[in-house]
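Step one of this worksheet: look at the structure below.
The values are calculated or read from the model by the stated rules, or taken from the named source; none is laboratory data. Computed from a predicted structure; not experimentally measured. As a convention, Cβ positions derive from the backbone with ideal geometry for all residues, glycine included, and neighbour counts pool all protein chains shown. Ligands, DNA and RNA are stripped out before the accessible areas are found, and what is left, the full protein with its side chains, is counted by its heavy atoms. Shrake-Rupley method; radii C 1.70, N 1.55, O 1.52, S 1.80 Å.
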Amino acid sequence: MTSDSAVPIPDATTDAAMDMSTPTLTDLNGLTGALRELKLSGMLQTLDARLAQARAGQLGHLDFLTVLCQDEISRRQTMSMQRRIRRAHFDEQVTLEGFDFAASPKLPAAQIRDLAALRWLHAGESVILYGPVGVGKTHIAQALGHLAIRQGADVRFIKTSRALADLAGGRADHTWQKRIRELARPAVLILDDFGMRELTAPQADDLYELITERTGRSLILTSNRGPVDWYPLFPNPVVAESLLDRLINTSHQVFMNGPSYRPNKRPGRTSNTDINKEAAG
């Protein structure tokens, strides 16, 4: 036979590129069905866009598969973070980036920003934020919790009075063990408004059990009182010494002072920083 009658051998690379650039409706239906079956909706959501990039020559075969996998990983990370935020039960979703430090120059901004590195979390240490009403303690506590969630940690925010009432209810209906385990489980437990009033003997015992159960896990406490003023709130000095000495000596204490931060958070209210900028302009 002459060379003219030879059948040309298809180039595998060319065929593969053509297959990717011109998928049939059957191919797409099969692929989308497989992605749904495997619960890979992150890939499914970006498939059309990634195919368009492949057709335009922006993605090779391996790149196409890699970015689709990255899309799925990104979706799962986002959903996981959203679940942790819901479980945290924050009063409001706030961040450290959204806090206006310029509104209160007296605040120890450098110390607070240092806490944002979360070394205390990795060491299982606690954070105590104390100072007058309205200076932003709860905002900073929740913002630190939000940072911990971004790093994959489970967080729970709860008013101290609510936590104590919940544990008291557990003693009444015999679910105390279950309730204290739920409060002990998260990597970070935020007890807001700690030390607001004197404790009853059962409340002091519950608080002792809770903090003991959480040994090695981080606490964030906000309080209008300094830690040295917490001791008289306990009816039993022995319990107070045993609990508070251990807690205070292994915590990062931040005294927050200055004008109230709350006016800056009212809807339609201009922050001090914005007012200063307008005055300078």
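Computed from point charges on the beta carbon alone (+1 for Lys and Arg, -1 for Asp and Glu), the dipole magnitude for segment 147-268 about its Cα centre is near 620 Debye. For segment 190-260, the share of accessible area belonging to carbon and sulfur comes to 52 percent (1.4 Å probe, ligands and nucleic acids excluded). A straight chain from V239 to S80 at 0.36 nm per residue would run longer than the Cα-Cα distance by 53.4 nm.
In terms of the Cα gyration tensor, with a ≥ b ≥ c the square roots of its eigenvalues, is segment 202-264 rounded because a/c is under 1.5, prolate because a/b exceeds b/c, or oblate? Taking the square roots of the gyration eigenvalues as a ≥ b ≥ c, segment 202-264 is prolate.
Protein heavy-atom surface of segment 45-119, 1.4 angstrom probe: 52% of the accessible area is carbon and sulfur, with nucleic acids and ligands not counted.
Once the 1.4 Å probe is applied to the protein heavy atoms, segment 134-266 comes out at 45 Å² accessible per residue. Distance between the modelled labels on I248 and Q53, one decimal in nanometres: 5.6 nm (7 Å Cα→Cβ projection). Counting charges near K159 (Lys, Arg +1; Asp, Glu -1) among other residues having Cβ under 11 Å from its Cβ returns a value of -3. On the beta carbon distance between F101 and R225, with R0 = 22 Å, the FRET formula returns roughly 0.40. Can you bin segment 165-231 into rounded, prolate or oblate? Criterion: square roots of the alpha carbon gyration tensor eigenvalues sorted a ≥ b ≥ c, rounded for a/c under 1.5, prolate for a/b above b/c, oblate for the rest. Verdict is oblate for segment 165-231. Within segment 113-158, the proportion of C-alpha pairs whose separation exceeds 11 Å stands at 69%. Largest accessible area first, the residues T212, T250, T160 order themselves as T250, T212, T160 under a 1.4 Å probe with ligands, DNA and RNA left out. Once you reduce segment 41-60 and segment 137-173 to the center of their Cα atoms, the two points are 42 Å from each other. Neighbours of R87, meaning other residues whose beta-carbon lies under 9 angstrom from its beta-carbon, give a summed charge of +3 when Lys and Arg score +1 and Asp and Glu score -1.
A Förster radius of 51 Å combined with the Cβ-Cβ distance from K39 to Q111 puts the calculated FRET efficiency at roughly 0.70. Please work out whether segment 25-151 counts as rounded, prolate or oblate from its C-alpha gyration tensor, where a ≥ b ≥ c are the square roots of the eigenvalues and a/c under 1.5 means rounded, while otherwise a/b larger than b/c means prolate and anything else oblate? Cα axes put segment 25-151 in the prolate bin.
How much net charge surrounds F234 when only the other residues with a Cβ under 14 Å from the Cβ of F234 are counted, with Lys and Arg +1 and Asp and Glu -1? Result for the local shell: -4. Treating r as the C-beta distance of I73 and L118 and R0 as 30 Å, the FRET efficiency rounds to 0.85.
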